[in-house]
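The values are calculated or read from the model by the stated rules, or taken from the named source; none is laboratory data. What you are looking at is a predicted structure, and each value in this text was computed from that prediction instead of being measured. No Cβ is skipped: glycine too gets one built from the backbone with ideal geometry, and neighbour counts run over all protein chains shown.
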Amino acid sequence: MNLKEDFDEGLGTVYERFILNYIFDRLMNQFEIKEVLEYPIFGMTGVDGINSVYFAKKDVNVTLVDFDEKRREKVINYWKILKLENRLKTFLADENQVDNLPFQNNSFELVWNFAALWFFKDADKIINKMITLSRNLVFISINNKWQLAYPVRKYVLDKQFFKKNNIFTEWINISKIKKILKNKGLTIIEDGVFDTPPWPDTCLPINEIKRKLGFKVKENQDDGWLWSMMAYFAGEGNELEERCKKFMLIENLPIWWRLKQFWSHHRYVIAKK
């Protein structure tokens, strides 16, 4: 198995994974985190179920909740490849009872998810369950609907994604999510945007965009670089982060986050009980 070739995710996905890891870094430095729940896990492009690998690498116990058995089996295998299965627990939930989970209240220091809520009509039940299961922090990230390329993706480039997945766009309304958190007595400690690379957020490879717009594309035309977070987590791609940092100019600009929101791919909120 070649982790670089077999798990090449592309620059965009690897970039956002690193930015997520920096948020995790900050939370780990501020709070004691020994138990993490990611629920639900599906939301990011690329290799499923490795968003929380960062925590396992820091000796944190991780529990993942999914609604698809085949995907869960793949995720378990990915964690075995990384030799982190001793830090992992998984649970297969029922889509008809999204908040029916076997965990005791206040079981995790951090409960979080990434771009997952808009797949569920009753995402409010998920949010309320996240609050119940957390004893300290709730972190929710959503796709940023104010990002300039979002309407292009929704109405032109990727219409099938929204139809095929029955997307509930009301759950990328951060105000609605924050209202639920506040009504449950949580305090918002961070509120902003992240994942702000130089390219717009279309969730499609550049060659696929060119095809959809009617441009001719030369096959096998790429930059010759393999973007594999699996290889990075396995210690085989230490140069990957430095390559991604070259694209973080906008991300690191010391300006008010609201000035970045028209280019940032994701909106997020972190709340404390």
- Item | Residues (in a loop (DSSP other than H, G, I, E, B) and either surrounded by 12 or more Cβ atoms within 10 Å (Cβ to Cβ) or β-branched (Val, Ile, Thr) (or both)) located in segment 238-273 | Phe247, Met248, Ile250, Glu251, Leu253, Ile255, Gln261, Phe262, Trp263, Ser264, His265, Lys273
- Tell me, yes or no, whether segment 164-173 has at least one residue that is basic (Lys, Arg), over 16 Å from Gly43 (Cα atoms) and surrounded by fewer than 16 Cβ atoms within 10 Å (Cβ to Cβ). no
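Among the residues of segment 30-47, are any part of a helix (DSSP H, G or I) and either surrounded by fewer than 20 Cβ atoms within 10 Å (Cβ to Cβ) or within 19 Å of the chain's Cα centre (by Cα) (or both)? Give the derivation first.
Just the residues of segment 30-47 that are part of a helix (DSSP H, G or I), to begin with: 30.
Still in the running and either surrounded by fewer than 20 Cβ atoms within 10 Å (Cβ to Cβ) or within 19 Å of the chain's Cα centre (by Cα) (or both): 30.
There is at least one residue in segment 30-47 that is part of a helix (DSSP H, G or I) and either surrounded by fewer than 20 Cβ atoms within 10 Å (Cβ to Cβ) or within 19 Å of the chain's Cα centre (by Cα) (or both).
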- Which residue out of Tyr22, Tyr15 is touching a residue at least 24 places away in the same chain (Cβ under 8 Å), closer than 16 Å to Ser141 by Cβ and not in a strand (DSSP E or B)? Tyr15
- Note on the structure: Reported set for segment 13-29 where residues are buried (at least 21 other Cβ atoms within 10 Å of the Cβ), out of contact with any Pro (no Cβ under 9 Å at 6 or more places or on another chain) and of a type outside the set (A, V, I, L, M, F, W, C) is Arg17
- Of all the helices (runs of 4 or more DSSP H) wholly in segment 172-237, which have at least 3 residues that are modelled with pLDDT of 95 or more? 174-183, 229-233
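Give the residues of segment 2-12 that are part of a loop (DSSP other than H, G, I, E, B) and surrounded by fewer than 19 Cβ atoms within 10 Å (Cβ to Cβ), sorted by residue number.
Initially, segment 2-12 is screened for residues part of a loop (DSSP other than H, G, I, E, B), giving 2, 7-10.
Hits for segment 2-12 are Asn2, Gly10.
Does at least one position in segment 137-145 carry a residue that is of a type outside the set (Gly, Ala, Ser), part of a strand (DSSP E or B), surrounded by 15 or more Cβ atoms within 10 Å (Cβ to Cβ) and touching an Asp or Glu at 6+ places or on another chain (Cβ under 7 Å)? Don't jump to the end; show me each part of the working.
Just the residues of segment 137-145 that are of a type outside the set (Gly, Ala, Ser), to begin with: 137-140, 142-145.
Next, only the ones that are part of a strand (DSSP E or B) stay: 137-140, 142-143.
Cutting the leftovers down to surrounded by 15 or more Cβ atoms within 10 Å (Cβ to Cβ) gives us 137-140, 142-143.
Now narrow it down to the ones that are touching an Asp or Glu at 6+ places or on another chain (Cβ under 7 Å): 137.
Within segment 137-145, one or more residues are of a type outside the set (Gly, Ala, Ser), part of a strand (DSSP E or B), surrounded by 15 or more Cβ atoms within 10 Å (Cβ to Cβ) and touching an Asp or Glu at 6+ places or on another chain (Cβ under 7 Å).
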- Note on the structure: If you go through Val47, Val111, Val60, the only one that is within 23 Å of Ile180 (Cα to Cα) and among the β-branched types (Val, Ile, Thr) is Val111
